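The values are calculated or read from the model by the stated rules, or taken from the named source; none is laboratory data. Since the structure is predicted, the reported quantities are computational estimates derived from the model, not experimental observations. Note that we place each Cβ from the backbone using ideal geometry, even for glycine, and neighbour counts take in every protein chain shown. Each accessible area value is taken on the protein alone, full model and side chains, heavy atoms only, with ligands, DNA and RNA left out. Shrake-Rupley method; radii C 1.70, N 1.55, O 1.52, S 1.80 Å.
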Amino acid sequence: MDKFVIKGGNRLKGTIRISGAKNAALPLMAAAILADGSFKINNVPALTDVRTMGKLLQILGGEVSFENDTLHINTQKLSSFEAPYELVKTMRASIYVLGPLLAKFGKARVSLPGGCAWGPRPVNLHLEGLKALGAKITLEEGYIIANVPRLKGGKIALDFPSVGATGNLLMAAVLAKGETVIKNAAREPDIAFLAEFLNGMGAKIEGVGESVLKIQGVDNLTSCSFNNIPDRIEAGTFLIAGAISEGDITLTNCQPNHCDSVIDRLTLAGCTVETANDSISIRREDDLQPVDVTTGVYPGYPTDLQAQWIALMSLAKGVSRITDHIYHDRFTHVAELMRLGADIRMKENTAIVKGSARLKGAQVMSTDIRASASLILAGLAAEGRTDVSRIYHIDRGYYKIEEKLRSIGGDIERRAGTL
Ligand code: UD1
C-alpha cells in the first residue's frame, strides 16, 4: 500500500488546472447504457472510481477506453443486466446502473452497495422511486432484483433530495412511458449536468437544475459527445490548501459559481478570493478566523468538503463548530487530525474545533477519499514530517494530487509499497 510523506510548512504558490468532476462523470457513464452507440466524453480524469465504472460497463458488454482525459464508451454489444458484488462493493456509485439497466432491459440484478467507512448509506429512495414507476423489486442474496416490462411515468416526491436517487430515477424515467415528475430533486451541478447529457441523448427533461424535474418519456435515445464539468470538490480542496498554507494560488478550468459556498466561508476566514470566468484565485496573508460550517444540499456547503474545513479550522484563531447534516457519522478524520495536534471535541454530529497556532507532523491513516484530503492539507501545514497511509482512497477521487501540490511548492512524495 502506497503512502504519502509530507514535509509541512511550505507556502503554496502557483497555478493548478482543475480536473473534470468525478461525481458528474460516473452517472454519465451509467447513462450511456440507455442508448446503443458510441459516446465520447471529454475532461474525465482517469481516477480509480472512473475505472471501476468502466469495468462495470465492460462486464455488462460495453467497450470502454481512455485517450488522455477523453473517455470513449461503446454500448452496441451491451447484453448483461447484472452488476456483481465484487465491483459494487468497491464503489457505491455503481448503484447508478440500476435505473438505466431496468429502463433498457426491463430487468436488472444489482448488488446492494452496503455501508461505507462512515456508516450505513441506504438506497431506499432509489428503490421506492423505481417502484413508483412500476418496477417490481425484491432483495435476494444481497442483490436488488428489479423487473418491469416497461417503466411507466409516475409522481415521485423524494423524502430527501438524494443525489444518487435523483440521478437513478432520472435515468429510469427518460425511457418510461408517459410523464414523470420528481419533486424535491437534488440540485447538485452533477445532476443538472446529467439531465443536460440525457437531453443531449434525446430525452425530454424540464426543470434542469431545479428541485422539480418533469420528464416526458421517449421510446429511444441516441449516443452523444459531451465535455464534462470541472470538479467543484477538487477545486474547493485546493482553495482550502491555499488558505491553510498561507498561500497564493490560482485554479484554472473551474466553474467559480459551483464553489460559492466554500468561497464565502474562505472570505469570512480572512482569505482574499477573486473569481473570473473559469478561474479562482486565493491568497491569505492574515490570521485565519474561525468560521462555523453546517453541511447541506447544494447550493449549501458540501459534506465532501467538511473534513477539509475541519483541518483548516484547526489552525484558526478561535473556536469553530462544523456540523454535518448529510452524514452524521462522517468524522473518522477527526481522531487522525488529533494525532497532528488538532484540538477537536465531538458533540453528536458537530465537531467543535479549538484552533491552535500550529500542528505537528505524525503518522496518520486515511479512511475515505475526503478524509485523506483533509489529512494531506493538515500535513502540508504541520511542522515536520507527516506520513499519510492507505492513500488508495485518495486515488479514487483526486487526480494526481501529489503532482498538482508539488507543482505549487508542496513537499509531498508518494512512497510505493510501504505501510
Ligand atoms: C453523492 C456523492 C457523494 C456526496 C453525497 C452528498 C457521488 C458519486 N457521490 O453520494 O460524494 O457525499 O452525494 O452530497 O455523486 N439517503 C437515504 N436513502 C437513499 C439515498 C440517500 O436515506 O436512498 C441519504 C443518505 O444516507 C445521506 C443523504 O441521503 O444521508 C444524502 O445521500 P445522497 O445524496 O444519496 O448521496 P450519494 O448520491 O450516495
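So here's what we get for this one:
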{"item": "Members of the stretch 205-249 found to be polar (S, T, N, Q), open to solvent by 10 Å² or more (accessible area, probe 1.4 Å) and not in a loop (DSSP other than H, G, I, E, B), listed by number", "result": "216, 225, 227"}
{"item": "Filtered residue count, the stretch 155-184, keeping only those that are outside any loop (DSSP other than H, G, I, E, B), within 13 Å of the ligand (Cβ to nearest atom), of a type in the set (Gly, Ala, Ser) and open to solvent by 10 Å² or more (accessible area, probe 1.4 Å)", "result": "1"}
{"item": "The stretch 258-307, subset small (Gly, Ala, Ser) and part of a loop (DSSP other than H, G, I, E, B), residue least open to solvent (accessible area, probe 1.4 Å)", "result": "269"}
{"item": "Looking only at the stretch 104-125, and only at residues there that are modelled with pLDDT under 75, of a type outside the set (Phe, Trp, Tyr) and farther than 17 Å from residue 82 by Cα, the one that is farthest from the ligand (Cβ to nearest atom)", "result": "117"}
{"item": "Inter-residue pairs, beta-carbon under 6 Å, first closer than 20 Å to residue 358 by Cα and away from the ligand (no atom under 14 Å from the Cβ) and in the stretch 281-305, second basic (Lys, Arg) and in a loop (DSSP other than H, G, I, E, B), 6+ apart", "result": "287/317"}
{"item": "Flag for residue 329 being open to solvent by 30 Å² or more (accessible area, probe 1.4 Å), in contact with a Cys (Cβ under 7 Å, 6 or more places away or on another chain), assigned to a loop (DSSP other than H, G, I, E, B) and not small (Gly, Ala, Ser)", "result": "no"}
{"item": "Pairs with Cβ under 6 Å, 6+ apart, first in the stretch 214-231 and at pLDDT 95 or above, second hydroxyl-bearing (Ser, Thr, Tyr)", "result": "215/180; 223/38; 231/19"}
{"item": "Residue that is nearest to the ligand (Cβ to nearest atom), among those in the stretch 345-358 that are surrounded by fewer than 19 Cβ atoms within 10 Å (Cβ to Cβ) and either under 17 Å from residue 301 (Cα atoms) or at pLDDT 95 or above (or both)", "result": "349"}
{"item": "When residues of the stretch 308-326 are limited to those that are part of a helix (DSSP H, G or I) and in contact with a Phe, Trp or Tyr (Cβ under 9 Å, 6 or more places away or on another chain), the one farthest from residue 235 (Cα to Cα)", "result": "310"}
{"item": "Those residues of the stretch 9-27 which are open to solvent by 20 Å² or more (accessible area, probe 1.4 Å) and not in a strand (DSSP E or B), in sequence order", "result": "9, 10, 11, 23"}
{"item": "Count of residues meeting criterion [touching an Asp or Glu at 6+ places or on another chain (Cβ under 9 Å), more than 15 Å from residue 123 (Cβ to Cβ) and open to solvent by 20 Å² or more (accessible area, probe 1.4 Å)] in the stretch 134-154", "result": "1"}
{"item": "Restricting the stretch 87-103 to residues that are free of Cβ contacts under 8 Å to residues at least 60 places away in the same chain and crowded, with 20+ Cβ neighbours inside 10 Å, the residue that is farthest from the ligand (Cβ to nearest atom)", "result": "88"}
{"item": "Options 318, 379, 409, 355: the member that is more than 17 Å from residue 240 (Cα to Cα) and not β-branched (Val, Ile, Thr)", "result": "318"}
{"item": "Test result for residue 312, closer than 20 Å to residue 12 by Cα, open to solvent by less than 40 Å² (accessible area, probe 1.4 Å) and either of a type outside the set (S, T, N, Q) or within 16 Å of the ligand (Cβ to nearest atom) (or both)", "result": "yes"}
{"item": "Lone unmet requirement of (1) in a strand (DSSP E or B); (2) surrounded by fewer than 18 Cβ atoms within 10 Å (Cβ to Cβ) for residue 199", "result": "(1)"}
{"item": "Tally of residues being in a loop (DSSP other than H, G, I, E, B) and closer than 18 Å to residue 224 by Cβ across the stretch 28-68", "result": "6"}
{"item": "Tally of residues being in contact (Cβ under 8 Å) with a residue 24 or more places away in the chain, farther than 18 Å from residue 107 by Cβ and open to solvent by 10 Å² or more (accessible area, probe 1.4 Å) across the stretch 28-63", "result": "8"}
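For (1) open to solvent by less than 30 Å² (accessible area, probe 1.4 Å); (2) more than 23 Å from residue 156 (Cβ to Cβ), each residue gets a yes or a no:
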position	(1), (2)
71	yes, yes
76	no, yes
81	no, no
85	no, yes
126	yes, no
129	yes, no
132	no, no
